[in-house]
Amino acid sequence: MFHRRAAKAGLALLGGSAAAIYAIDVTNENRFKNGMKQYFRTAHADLLTELNKRPSGQLPTRTDIVSKLKQEEFDILVVGGGASGAGVALDAQTRGLKTALVEFDDFSSGTSSRSTKLIHGGVRYLQAAIFGLDIEQYKMVKEALFERANLLEIAPHLSCPLPIMLPIYSWWQVPYYWFGIKAYDFVSGKRVLKNSFYIDKEKAMERFPMLKKDNLRGALIYYDGQHNDARMNLAIVLTAIRHGAKCANHTKVERLLKDENGKVCGARVRDMIKGEEYDIKAKSVVNATGPFTDTIRKMADPTTEPICAPSAGVHIVLPGYYSPSNTGLLDPATSDGRVIFFLPWERMTIAGTTDAASELTHSPAPKDQDIEFILNEIRGYLSQDVTVRRGDVMSAWAGLRPLVKDPNKKNTASLARNHIIEVSESGLITIAGGKWTTYRHMAEETVDAAIKAHGLKPVNGCMTPGLKLEGGHDWDPLLYIHIVQDYGMEVDIAQHLANTYGDRAFVVARMCKMTGKRWPIVGNKLHDEFPYLDAEVRYAVREYAATAVDVIARRLRIAFLNTYAAHEVLPEVVRIMAEELGWNSSEQRRQLEIAREFIDREMGQEARAQAVSNVALNLTREEMQQAKERFNQLDKDRKGHITVNDLRRHFRQRNQKIDERLLHELLNEVDLNKNGELEIAEFFQLYSGLKGGQVVQNRLVRYLDEASLEVPVHRSGGGV
């Protein structure tokens with residue numbers, strides 16, 4: 001009865017609120033329409049046509065770009081190579097302003113590569129706008145929905161519409177959620193991707209067979225966009241470079257330069273690859289450093305008050321069989337009031353996110369309690385026939401959201417990702433807050449502010465609405481078929497290339513070597529489970545990848561998809577990069593060490609080890625005896641621990657050929673305290689984890705199985 005009253009009251013409130021904002025919606029719709037007309041009147045449709053011609057030729061080398069940064073003076077210097085900074089660089093350069101950009105790490109190395117992979121307006125923000133009559137929230141959603149449509153248009157190879165299911169388990173929720181989702185369609189206007197609709201229980205189970213069916217009444221389906229965030233970020237940077245911007249990654253701002261009047265006029269930077277320092281001179285400097293906004297602001301004005309509150313969001317990746325390949329799931333009200341998405345992505349399943357205040361760090365790491373929270377929420381929505389196991393987590397990562405700080409609020413979940421633009425007394429332009437989807441609009445307003453504050457003289461107005469991104473000029477959905485037919489490549493690899501590089505996929509295909517097989521003719525995989533090729537590593541270097549982490553995390557997404565696979569391809573990635581970049585053996589070892597630490601800390605391997613080490617011993621006396629006997633069969637010398645020498649001897653005695661690299665990998669996977677030895681306590685933890693599901697399919701156990709040793713526990717799967 002309470003729920004029915006609540007539903008009626010909620011619908012009444014929603015109706016009243018909707019009526020109250022209707023006039024605003026019409027006004028804003030007209031404003032958007034007039035704005036679009038103005039874009040194409042004043043931003044010169046003929047110039048946009050010219051800019052949208054597919055650029056030919058190779059990208060300039062990083063060395064060439066750095067040389068220009070040292071020699072020239074720029075209208076705008078952008079600090080930060082995430083989505084916002086890249087957007088500013090592209091906007092400014094295509095207005096005819098001489099533009100430079102520097103990034104401390106790699107392009108998209110921070111928050112912009114660690115999103116939920118959605119291009120969306122924000123359903124929960126619209127709900128907040130309607131209930132609270134919050135005009136600012138409403139404007140943000142409206143703006144984001146316009147930008148969603150634009151992004152799908154300018155980068156069709158990297159983005160696509162995705163149906164998302166909202167399961168309903170109480171009848172009163174049907175009108176409540178139906179109104180909310182229809183309001184989302186309404187606010188989208190003509191830019192709606194596809195209209196939302198209601199389906200009954202039977203059709204919901206057909207779409208999402210692993211869904212919990214007990215008390216399921218039906219479901220609502222609505223559409224948002226999905227993209228490869230790191231690749232999208234890189235495409236924006238590459239497009240800016242194609243148009244003449246000078247963008248350098250792995251370049252740290254040591255301090256800001258000021259003129260005799262105390263105005264910011266450039267930056268002293270350090271090349272993190274070569275170690276040299278130099279000055280970049282610019283008429284204006286834009287701070288687009290995301291969660292590190294206040295760090296740069298304090299360089300300009302040491303007494304300034306902070307405006308950015310970092311919020312950590314954790315995502316996990318599960319095997320692809322956890323979700324259908326073409327439908328996502330939205331949990332609109334988790335046990336603590338958060339929203340969680342459960343989405344297919346890159347043939348895997350991504351789930352998240354959490355939302356909690358965080359310390360500022362360049363290496364955010366997922367915590368096991370956040371991973372367990374997401375898993376518990378998933379268990380509440382999936383069928384009991386699907387066992388959701390901690391060991392099925394293939395990767396996990398944390399990203400710091402740059403939320404604009406409101407001193408009157410403590411709960412970061414209540415903060416919208418509205419952006420603010422600040423011009424400091426020293427002339428530093430800061431863009432802070434915002435969200436991935438609205439990067440282009442944020443960039444436009446930021447460049448407008450820089451022009452006004454510093455009297456810059458652009459050649460033309462904003463050109464970015466409708467401006468194609470790298471790879472999107474000649475892409476079409478059937479491009480992959482041409483790759484298959486022209487180069488003799490496997491279909492899944494051709495699809496991956498087409499959906500990653502767009503019309504540049506042919507360049508990558510031409511770099512592929514012969515396989516020596518009848519089929520496929522070209523295309524050597526780095527890993528059997530993923531469509532990534534060795535040629536992509538060489539191409540990544542041409543796209544400014546300078547470290548092994550740049551490749552495994554952002555040019556290829558393998559570190560985000562499967563940490564074990566990332567470890568396995570790492571030596572080959574480093575070998576190929578060494579050929580391209582001239583690394584000696586010492587540098588190769590350093591790259592391996594840094595990349596392994598990145599995978600372990602930032603991609604969830606350490607959280608996995610913590611989860612296993614926290615497992616309570618749950619073995620029976622008989623199981624413990626069996627585990628101890630197996631341990632002793634390996635520890636022939638009764639040292640109390642197992643080393644790689646013990647494993648080598650064990651396999652040789654049984655005529656099993658295991659190469660040295662694999663031996664070390666097998667030991668490292670079960671060595672929880674990372675001391676190079678497997679102790680009896682760790683051995684018991686391993687078997688307890690196998691029994692409880694915190695560990696699934698351990699490779700060492702599998703190899704021991706082949707030696708016909710008795711196993712107390714048997715599991716399938718695999719992950720972190």
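The values are calculated or read from the model by the stated rules, or taken from the named source; none is laboratory data. Treat the numbers as computed from the prediction; the structure is a model and nothing was measured. Neighbour counts are summed over all protein chains in view; Cβ atoms, including those assigned to glycine, are modelled from backbone coordinates with ideal geometry. Protein only, heavy atoms only, side chains kept; ligands, DNA and RNA dropped before computing areas. Shrake-Rupley method; radii C 1.70, N 1.55, O 1.52, S 1.80 Å.
Along the range 578-584 the Karplus relation, 6.51 cos²θ - 1.76 cosθ + 1.60 evaluated at θ = phi - 60°, assigns HN-Hα couplings of 4, 5, 6, 10, x, 5, 7 Hz to successive residues, with x for each Gly and Pro. Rounded to the nearest Hz, the phi-derived 3J(HN,Hα) couplings of the range 49-64 under the Karplus curve 6.51 cos²θ - 1.76 cosθ + 1.60 (θ = phi - 60°) are 4, 5, 5, 8, 6, 5, x, 10, x, 7, 5, x, 6, 4, 4, 5, where x marks glycine and proline.
Which order do 152, 47 take when ranked by solvent-accessible area (1.4 Å probe, heavy atoms of all protein chains), largest first?
The residues order as 47, 152, largest area first.
Annotation: peptides 589-598, 515-524, ranked by per-residue average of other Cβ atoms within 10 Å with the highest first, follow the order 589-598, 515-524. Label-to-label distance, residue 133 versus residue 639, with points set 7 angstrom from Cα along the beta-carbon direction: 7.5 nm. Residues whose amide H lies under 5 Å from that of residue 224, counting only those 5 or more places away or on a different chain, are 162, 164; hydrogens are built 1.01 Å from N in the peptide plane. Counting protein heavy atoms only, the chain has 50 percent of its accessible area on carbon and sulfur, 1.4 angstrom probe. Size of the chain from its Cα atoms: along the principal axes, largest to smallest, the extents are 79, 72, 59 Å. Solvent-free Debye calculation, one equal scatterer per alpha-carbon of the range 359-485: log10 I(q)/I(0) at 0.13, 0.14, 0.21 Å⁻¹ equals -0.93, -0.99, -1.20.
Hull volume per residue, based on the alpha-carbon atoms of the range 508-648 and their convex hull, is 176 Å³.
Can you pick out the pairs among 274/405; 142/182; 98/468; 274/298; 70/405; 182/405 whose Cα atoms lie more than 25 Å from each other?
Values: 274/405 37 Å; 142/182 14 Å; 98/468 20 Å; 274/298 27 Å; 70/405 36 Å; 182/405 31 Å.
Flagged as over cut-off: 274/405; 274/298; 70/405; 182/405.
Hey, can you rank 89-100, 641-652 by average C-beta count inside 10 Å, highest first? Provide the component values of the computation, followed by the final result.
On the way: 89-100: 27.0, 641-652: 17.1.
Answer by packing, highest mean first, reads 89-100, 641-652.
The antiparallel fraction among DSSP beta bridges confined to the chain stands at about 80%.
Under a 1.4 Å probe, what is the accessible area of the chain per residue, stated in Å²? Can you show the working numbers first?
Details: 29780 Å² over 720 residues.
In whole numbers, the chain has 41 Å² accessible per residue.
Take each of the peptides 208-214, 550-556, average the number of other beta-carbon atoms within 10 Å over its residues, and list them starting from the highest. List each step's numbers first, then the result.
Values: 208-214: 16.4, 550-556: 27.4.
In decreasing order of mean packing, 208-214, 550-556 become 550-556, 208-214.
What FRET efficiency would be calculated for the residue pair residue 425, residue 585, taking the C-beta separation as r and a Förster radius of 56 Å, to the nearest 0.05? Spell out each step's value before the answer.
Numbers: r = 51 Å, r/R0 = 0.92.
After rounding, the FRET efficiency stands at 0.65.
Placing one equal scatterer on every Cα of the range 462-513 and applying the Debye formula, the log10 ratio I(q)/I(0) at q = 0.13 Å⁻¹ is -0.31.
FRET efficiency for the pair residue 658 and residue 194, taken as 1/(1 + (r/R0)^6) with r the Cβ-Cβ distance and R0 = 45 Å, rounds to 0.30.
In sequence order, the range 383-400 has phi-based couplings of 4, 5, 6, 9, 7, 8, 10, 4, x, 7, 6, 7, 7, 8, 8, 10, x, 8 Hz under the Karplus curve 6.51 cos²θ - 1.76 cosθ + 1.60, θ = phi - 60°, and Gly or Pro positions carry x.
Based on alpha carbons, the Rg and Dmax found for the range 72-152 are 16.1, 52 Å. Listed by chain and number, the lysines whose alpha-carbon sits under 30 Å from that of residue 657, ignoring those within fewer than 8 places in the same chain, are 513, 517, 525, 628, 636, 639, 674, 691.
Reported to the nearest whole Å, the Cα centre-to-centre distance from the range 52-123 to the range 322-384 is 30. The helix-only estimate of mean residue ellipticity at 222 nm for the chain, built from DSSP H runs of length n ≥ 4 each weighted as -39500 (n - 2.57), is -14000 deg cm²/dmol after division by the residue total. In this structure, residue 362 and residue 649 have a Cβ-Cβ separation that, at R0 = 25 Å, corresponds to a calculated FRET efficiency of about 0.05.
How far, in nm, would the chain grow between residue 513 and residue 387 when pulled straight, counting 0.36 nm per residue and subtracting the alpha carbon separation? Each step should come with its number before you reach the end.
Working: separation 126, 0.36 × 126 = 45.36 nm, distance 4.21 nm.
My answer for the length gained is 41.2 nm.
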